[in-house]
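Each reported figure results from applying straightforward, stated rules to the coordinates on display, with no laboratory input. If you're wondering where the values come from, they're calculated on a predicted model, not measured in any experiment. Note that each Cβ is placed from the backbone with ideal geometry, even for glycine, and that neighbours are counted across all protein chains shown.
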Amino acid sequence: MVTAIMTKVAKNNGFYKLPYTIIRTAAIIILICPAYSAAAEWKIVPRLNLIETYTDNVTLAARGSEKSDFITQINPGISLIGTGARLKVNANYTMQNLFYANGSDSNRTVHQLRAGENAELIKNFLFLDSNANISQQNISLLGPLATTNENITNNRTTIKTYSISPYIRHNFSNFASTQARYTHNAVYTGVGGLSSSQSDNILLSLTSGSAFRTLGWGLNYNKQKIDGLGPSVVNERYMGNLRYRVSSKFSLTGTGGYQKFSYTSITGNSAGSFWTTGFVWTPSDRTNIAANTGKAFFGTTYMLRASHRTRRSAWSLNYNQNITTTRDQFVIPATVDTANFLDQLWTSNIPDPVMRQQTVDAFIRDNGLSASIFDPINVLTNQFFLQKRLQGSVALSGARSTLVFSIFHMLREAQTQGDANSALFGINNFTLNNDTKQIGGNALWSWKISPRTNANIGAIYIKSNILATGQEDETKTFRVGLTRQIQPKLNGAVNFRHTERTSNQIGSEYRENAIVASLLMSF
C-alpha cells in the first residue's frame, strides 16, 4: 500500500529555486542580447478557463466508500510567444484553482508551465537552450491512477523541472563540425526521498562534414553527474560512429565505444564496451526509418525509429532500451507531442494560432491526456533501471474528423538496490517497485458537426504489473463530449467521463462517473 508520505507535496527549496531560475535565465537573455529580443515579434495572450465538475467518486475510493462532490475551477493563464531571427521563446502558464463543495479542506492551487527558449548569442557560434516545466502526475502504480487534478488521492504530486544549456558550434569548412555543450538541469518532485535532484552534463562531439560523402564518421564524449538520488552517480561514455552511404537514400551505420556508471549494480554489471550495427533508409522527404542492433554491458540492444507523413496522416513507431532514471525521463523531450499532432492535422475553424493552440491544450486536458501522446506512467523511484519501451501512433485527418491512436509497451528492470525507495514506500515495502511492466494506449476521435461545433470521443487503457508481487491492475477511461466556438475568443465544452479499475488485489478496484462543463476565454 502507498504510505502516507505520498499525501504531502513537501515544501522544498525547489519551489523557490524554479521561478528564480526562470527569471534568471530570461534576464540573461535580455541583458546579453537586448537587440535580439527587441527585434523579435512578441505575442502575449491572457486567458481564463472556468470549469465545473460533478463526480460521484472524488477520491477514487473502493466500491462502497465513494463520495460525490462538485468541483469549481477558476484557472487564469497566459501564453507568450516570441519569434525572431536569433531568438525563439514559447511559454504557456496556467494557475489551476480547485474549490470543493463538500470538502473545502481540499481546496488548493496547482501550477502548470511549459516554457522553452533558444537564443543565438553569437552568430553561428554561441547558443543557449533553456526550458522549464511544471506538471502533475501519479506517483506509483500501487495507488489510484487519476487522469486529472480534480480527484483527491494520495498518489499524485507536482513535478518541477528546469534545464539550461549553453553550447558552442563551429564548422571547419567542409571537413568537420564540432560542438561543446554544457547542460545543468534539476527535478523537484515534492515526495520524500525524491524531493530534489540535479544533474550536470558535458558533451563534446566532432562530426565529419560534406567532404566525406561516402564514409561519414563521428566522435563523442559525454559525462553526466547526478546528485540527489543517494550517493552521487557518474555516467561516462566514449563513442565513435561510422555511416557508409550505399545510395542517396540508404546508408549502413555502426557505433562502438565504452560506457561506465559509478553505481553499485545488483546485476553485477555497470560498465563495459558496446557496439551496434544497422541502417538508415530515407525513401522520401516524408519517410524515415533507422534501426540497429548490438551489444552493451546490460545485454543485447535494439533500436527502431520510423516515421511517415502524408497530407492527411502521420505515423510513428519507436523502440529503444537504455539505462535511465525517473528524473532523466522528466527532463528529456516527449517523443511525440499530442498538441503538435492535433494542431498539424486539425482542419481548424479558429484562424488565430494562439487561440487554436489553447483550444488544443483544452482538448488534451479535458480528455485526460498529457503532453506526450503515449504516456506510460513514469513511476517515481530512486533506482537506476533498464527501460525497454515500444510506442507507436497514427493520426488521420479527414474533411470533418480527426482520429489519433497510440499504443505502448514498457518494461523497467531495476539495476540498483530497491532500498533506495524505502523513503517512498516504507522500509518493509522497498521491493514493491523494483520491476514493472505497463501496456496501454489511447484513442481520440474528433468530428466536426458544424463549422463551430466538434464532438469528441476518447478512450484510455493501461494495464500495469508489479512483477515482484504479481499485482496486476487494469484502468480504463472513456470520454465523450462537445466543444463549441461561441465567439472568436470564447470556446465552451461539455464532457462525460467514466473510469473503472479492476485488480487482483483486494481494495484496489474503483469506479467513477463525472460530468465536466468548461468555458475558455482568450483576451
**Request:** Report the net charge of residues surrounding L317, where surrounding means a beta-carbon distance below 14 angstrom and charges are Lys +1, Arg +1, Asp -1, Glu -1.
**Result:** +3
**Complete:** Sorted by chain and then number, the residues having a modelled amide H within less than 5 Å of the amide H of R312, at least 5 places away or on another chain, are none
**Message:** Averaging over every viewing direction, what projected area does the convex hull of the Cα atoms of the stretch 206-337 cover, in nm²?
**Reply:** 9.6
**Item:** the stretch 93-137: C-alpha gyration tensor shape, a/c 1.5 cut-off, then a/b vs b/c
**Value:** prolate
**Prompt:** Separation of the stretch 470-523 and the stretch 172-201 by C-alpha centroid, Å?
**Reply:** 36
**Prompt:** Taking a 30 Å limit on the Cα-Cα distance, which of the listed pairs K88/K249; K67/K388; K88/K160; K67/K476 fall beyond it?
**Reply:** K88/K249; K67/K388
